[in-house]
Each structure stands twice: as C-alpha cells, then as structure tokens.
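Every number here is computed from the coordinates shown, using simple stated rules; none is lab data. Note that this is a predicted model, so its numbers are computed, not measured. When we count neighbours, we look across all protein chains shown, and the Cβ atoms used for this are built from the backbone with ideal geometry, even at glycine.
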C-alpha cells in the first residue's frame, strides 16, 4: 500500500511504525473471507482491508478522526483472524492499536459511551467489585428490557449460576509441587475469571503441582490490562501493565522462573505483547520483554513438558472451541488438541472454527448486536456436533457460549480431572464421568 506521510509526520514513532505496517498490505482481500464482522455485514469498511484504508487516510490527514472511521474501528473484534490469513504478514494488531489511540487523542466520545467504558474499566479488573456487579445483574435480569441496550447486554451476560469468589490471587502464595520440584512458574491469577469460574485457577495449580511444578501467585498481578487496552483507555491499561511487571520483577530479575502460566488466552496474548507495549519505558522495558518471552498458555506448557499422565479414561467425545486469542493471537492450535488426544478422548471441531464467537472481552457489551449474531452463528455450528461436552481455553468464550446444547468447561479443568483431579462442576452430571469414578 502506498503511503504519503510528510517528513514532519515521520518524526513521530507511531507514524513510522504505522507506515512500515501499511506498506506490507497488497490489497489482496484474503482477510475479508475470514473477518467475522465482514462475514456478518458484508460492508468493506467492516473488513481489515477497509479499516486499513481508513486508518491510512486518517493518519495521513493529521485531522481529527471522522465519525465513520471511529465507528468501524469500534466494530473490530481484534480477533486477529486476518493476521492468520494474511499472506503478506501485515501486523494488523499493532496498526489497530495506533489507529484507536489516534481516535482517542483526536476525538471525544458521546458522554454515555465514555461513562460506560469508564464503568467497565473500574469494575471488571477489581474482582470483588465485579463479583458484586454480577450479583446485581442477576437481580436486575427480570427487568433487563427496561435498561439501555449496552446495560441490558451487560445484565444478560452474567453467568446463570454465581459462585464464590476464587481466593487464589487474594494474597501472595507459593503452591509447592508434589514430590520433587522440577520447575517454578508464575501463574497470572486474573480478574473477571475469578468471579465467573473460580475453579479454573485451582485446576491449573493442581495439574502443575502434580507434574512437579511450584506455582507462585502474586496479589499485585491480577488484571493484565487487556480490557482497558482494547477499549481506548490507554492510561488505565498502562497502569495495569506496569503493576503486573513490578509485581513479578523480583522473580524475573533473579531468574528463578521457568515460565509465566496463563489460563485465559486473551490475557496470554496481552502478556506476550508486553515487550512491545513498554518498549520505550526506560525503567520496565527489559522486564516487560522478559515477561513476553516467558508467557505461556497452560496447554502450551503442558504439551511442551510432556510430563502429564492421564489416569482416567472415560469414553468422551469433546467438542473443542478454539478461542481467537489462542489460535490467532498466539498461534497455538496444536497443543490443546494434542493433550486431548493424549488423554484418550475423541475430538470434534465445529464448522468455521476460525470465526469469533463474539465475546472478545467486553465487545458483547459495547457491540451487542454484532456480538449476538456471531454468538448465534457459533452456537449453531457447535450444536451440530454430537458431543458430550465442549472445552475452550478462554473464560470469555465459555461464558458467551454457555447456552450450547452440551455443557462447557475450561480445557484445563477437564485435563485436571483426567489426570486425577475432581470432576469439574459444570460437567459433573455426565454419566461417562460418573462411571469412570
């Protein structure tokens, strides 16, 4: 793609980065076929190619972003399916970040939109506050239709069954390995996941301890900053990122850690980009780059370690939903299926597995109409599979697709059970599991 930035514009590092990315785009259009929003709307401006054109024109103009450009950038899920498809290696993820940051700096959103985004950034990363919000949402559900569209979507996104808050991450803790210690890892305890499904961290720690891994959890490192980063709240995102980096700086500087384990793939994609996000931070750039190099999805770590053994062999057919942040953001596609195959379960993959389910962090709240269409498209494909249960590696997807015909659980919960752990609560009624006990 040809660009026409001025010499004065080239002095800005974000313009130099954008120019390098833009020049790789050859307008081939391969990305349109795999873009969830374009598949739904058929509007070129809702495709990566169309958004790239609009971002180029916006950045070249040096004028405030137009309402049209802002509207269509907001509709992007940042699922990164386009990056998997692109034959030219266009770094759409970082270009979109530059574009959204430009929109943030040059325009002012409507008051209702600003208040909604501020509320999300204030509530979701604070686990206790988010847990209270979920309980309030349950009370409000019978009256959801009386609220504005986005608030209604927020209320209806609350899980059907509320659970006790996950205590893991509330204090600094080290969970020692069973028997001889072979390695030491840090676990990101997370934020929203601890309120929605508190068993995921427990399952992760049990399975790691079982294969000889010490697990360190730091209270200060909970929210990775992804939520704020993706909804144009850059200051809140940077604060969260720096807090996590500082929380782990001691272990990282002493080189005591073999990996940083993440069991929410959206957070994993974020952690693996810390080096880029803080590349100009004189204090934390090196530590952030180290975190990116150590960050590892739980399935990636278990598959690489090859130490896990499975003691239970129930006759199960498992539908695997691959989260976008895992398959596109981190390019991890083989490890989850390898582990399921090793566990002896039959794996079923739905049609169009590359297309997003519409969760995408808080996209379901900010863009409820598109999110709902993507959700129902995904559910239709999932429900065509004849399976006993579904698994995924991201809590957002699991919560979004909870209405599927078969129950959902996190893949690490199933792997933990098959290697000796307790039955995951969401699938404990399955007869195949009961007969395996």
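Assuming a ≥ b ≥ c are the square roots of the Cα gyration tensor eigenvalues, decide whether segment 281-411 counts as rounded (a/c under 1.5), prolate (otherwise, with a/b larger than b/c) or oblate. Judged from the Cα gyration tensor, segment 281-411 comes out oblate (a/c at least 1.5, b/c at or above a/b).
Highest GNM mean-square fluctuation among 330, 413, 141, for the chain modelled with Cα contacts below 10 Å: 141. With contacts taken as Cα pairs under 8 Å and at least 6 residues apart, segment 173-302 reaches a relative contact order of 26 percent. Share of pairwise Cα-Cα distances greater than 30 Å in the chain is 43 percent (whole percent). Beta-bridge orientation, segment 173-302: approximately 25 percent antiparallel, per DSSP, counting only bridges with both partners inside.
If contacts are Cα pairs under 8 angstrom and at least 6 residues apart, what is the relative contact order of the chain in percent? Worked out over the chain, it gives 14 percent. Mean residue ellipticity, 222 nm, helices only, the chain: the sum of -39500 (n - 2.57) across DSSP H runs of n ≥ 4, divided by residue count and rounded to 500, is -14500 deg cm²/dmol. For the pair residue 372 and residue 238, the difference between a 0.36 nm per residue extended length and the Cα-Cα distance amounts to 45.2 nm. Once both labels are positioned 7 Å from their Cα atoms along Cα-to-Cβ, the gap between residue 8 and residue 182 label points is 6.1 nm.
Legend: translational diffusion of segment 111-156 by Stokes-Einstein, Rh = Kirkwood radius over C-alpha pairs, 4 °C, 1.567 mPa s; D = 118 µm²/s. Only bridges whose two residues both fall in the chain count here: according to DSSP, what percent of them are antiparallel, nearest 5? If I count the DSSP bridges inside the chain, around 15 percent turn out antiparallel. Between helix 368-383 and the chain there is an angle of about 40 degrees, using the helix long axis and the longest principal axis of the Cα atoms. With a simple spin-label model that places each label point 7 Å from the Cα along the Cα-to-Cβ direction, the separation between residue 429 and residue 114 comes to 4.8 nm. Once you reduce segment 50-123 and segment 375-437 to the center of their Cα atoms, the two points are 34 Å from each other. Cβ crowding within 10 Å, taken as a proxy for footprinting-reagent exposure, orders 248, 53 from fewest neighbours to most as 53, 248.
With Cα atoms defining each centre, segment 227-299 and segment 1-46 are spaced 26 Å apart in the structure.
Comparing 84, 290, 107 in a Gaussian network model of the chain (Cα springs below 10 Å), the most mobile by mean-square fluctuation is 107. Going from the fewest other Cβ atoms within 10 Å to the most, the residues 46, 172 appear in the order 172, 46. Which of the three applies to segment 7-106, rounded, prolate or oblate, going by the alpha-carbon gyration tensor with a ≥ b ≥ c and a/c under 1.5 meaning rounded? Oblate, since a/c reaches 1.5 and b/c is not below a/b. Stretched out straight at 0.36 nm per residue, the stretch from residue 405 to residue 67 would grow longer than its current Cα-Cα span by 117.7 nm.
As a length-normalised measure over Cα pairs under 8 Å and 6 or more apart, the relative contact order of segment 57-170 settles at 18 percent.
Which of rounded, prolate or oblate describes segment 125-185 when judged by the alpha-carbon gyration tensor and an a/c cut-off of 1.5? Prolate, because a/c is 1.5 or more and a/b exceeds b/c. Picking from 49, 184, 114, which is most flexible by a Gaussian network model of the chain using Cα springs under 10 Å? Looking only at 49, 184, 114, the largest GNM fluctuation is found for 114. The residues 257, 139, when put in order of fewest to most other Cβ atoms within 10 Å, stand as 139, 257.
Extension gain, residue 20-residue 135: 0.36 nm per intervening residue step, less the Cα-Cα distance, totals 36.7 nm. In terms of Cα atoms, the Rg and Dmax of segment 173-302 work out to 14.1, 46 Å. Summarising the label geometry, the points placed 7 Å from Cα in the beta-carbon direction at residue 279 and residue 173 lie 3.8 nm from one another.
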